[in-house]
1. Among the listed residues SER98, SER153, which satisfies the condition of being over 15 Å from the mean Cα position of the chain (by Cα), open to solvent by less than 50 Å² (accessible area, probe 1.4 Å), of a type in the set (Ser, Thr, Tyr) and more than 18 Å from TYR6 (Cα to Cα)?
2. In region 50-107, how many residues are in a helix (DSSP H, G or I) and within 11 Å of the ligand (Cβ to nearest atom)?
3. Determine if region 72-86 includes at least one residue that is touching a helix residue (DSSP H, G or I) at 6+ places or on another chain (Cβ under 8 Å), within 26 Å of SER160 (Cα to Cα) and open to solvent by 30 Å² or more (accessible area, probe 1.4 Å).
4. Could you list all residues from region 110-150 that are farther than 28 Å from ARG2 by Cβ, among the β-branched types (Val, Ile, Thr) and within 13 Å of the ligand (Cβ to nearest atom)?
5. Would you confirm whether or not region 162-172 contains a residue that is in contact with a Leu (Cβ under 9 Å, 6 or more places away or on another chain) and touching a residue at least 12 places away in the same chain (Cβ under 8 Å)?
6. Tell me which residues, restricted to region 50-71, are under 16 Å from ALA34 (Cβ atoms) and touching a helix residue (DSSP H, G or I) at 6+ places or on another chain (Cβ under 7 Å).
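The values are calculated or read from the model by the stated rules, or taken from the named source; none is laboratory data. Note that the structure is a prediction, hence the values are computed from the model and not measured. Note: ideal-geometry Cβ built from the backbone for every residue, glycine included; neighbour counts use all protein chains shown. Just the protein is used for accessible areas: all its heavy atoms, side chains included, with ligands, DNA and RNA removed. Shrake-Rupley method; radii C 1.70, N 1.55, O 1.52, S 1.80 Å.
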Amino acid sequence: MRVAVYPGSFDPITLGHVDVLRRSLGVFDRVVVAVLVNPKKAPMLDVGARVDAIIAGVAEALPDLADRVDVRPFAGLTVDACRELGARFVVRGLRAVSDFEAELQMAHMNYRLAPEIDTIFFMTALEYGYLSSSLVREIVRFGGDPTGMVPPSVADRLVSAAAAEEAPVGVP
Ligand code: PNS
């Protein structure tokens, strides 16, 4: 059985991530979406909320494939998470050439740390090439509509999370 780990912050999962996940399921039997717990960053959705949003979003957007997807949090190194899960592949998406440099560096570093694990890249569909979690967060924080950028149930969760945040300092 070919197992891959798709690591990321997923704050929130976007339709671009969903597209990469769908493509990876054409190659791998099982894909574990590994959600990074990063103590240095204050996420919009905490890790439990991100995991729940991914489970709901994948069930909604990829109903026929969802049974081959696991979602779990991880802390520490991606390669250690892969070893723990028995995965020999890391999946990452490339939206544009601008992603390439950082991704190449990470892939080389992961290979150096764990040469038995390879990184496989999938090119995100052109229609989602402009999407990023950080832009989606910004849009929602300023009252914009994330419909068509994230799965519908994720949009609802984001709008609630943004409403629960404190208003930006300095706004009268
Ligand atoms: O969604 P992101 O923020 O682009 O994902 C980045 C991620 C989680 C894949 C990367 O930061 C990562 O692998 N972090 C875990 C720590 C680690 O393994 N660092 C070395 C990578 S070279």
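1. Going through SER98, SER153 in turn, just one is over 15 Å from the mean Cα position of the chain (by Cα), open to solvent by less than 50 Å² (accessible area, probe 1.4 Å), of a type in the set (Ser, Thr, Tyr) and more than 18 Å from TYR6 (Cα to Cα): SER153.
2. Result for region 50-107: 13.
3. There is at least one residue in region 72-86 that is touching a helix residue (DSSP H, G or I) at 6+ places or on another chain (Cβ under 8 Å), within 26 Å of SER160 (Cα to Cα) and open to solvent by 30 Å² or more (accessible area, probe 1.4 Å).
4. Listed by number, the list holds a single entry, VAL136.
5. Taking every residue of region 162-172 in turn, none turns out to be in contact with a Leu (Cβ under 9 Å, 6 or more places away or on another chain) and touching a residue at least 12 places away in the same chain (Cβ under 8 Å).
6. Once the filter is applied, which keeps residues that are under 16 Å from ALA34 (Cβ atoms) and touching a helix residue (DSSP H, G or I) at 6+ places or on another chain (Cβ under 7 Å), region 50-71 yields ALA53, GLY57, VAL58, VAL69, VAL71.
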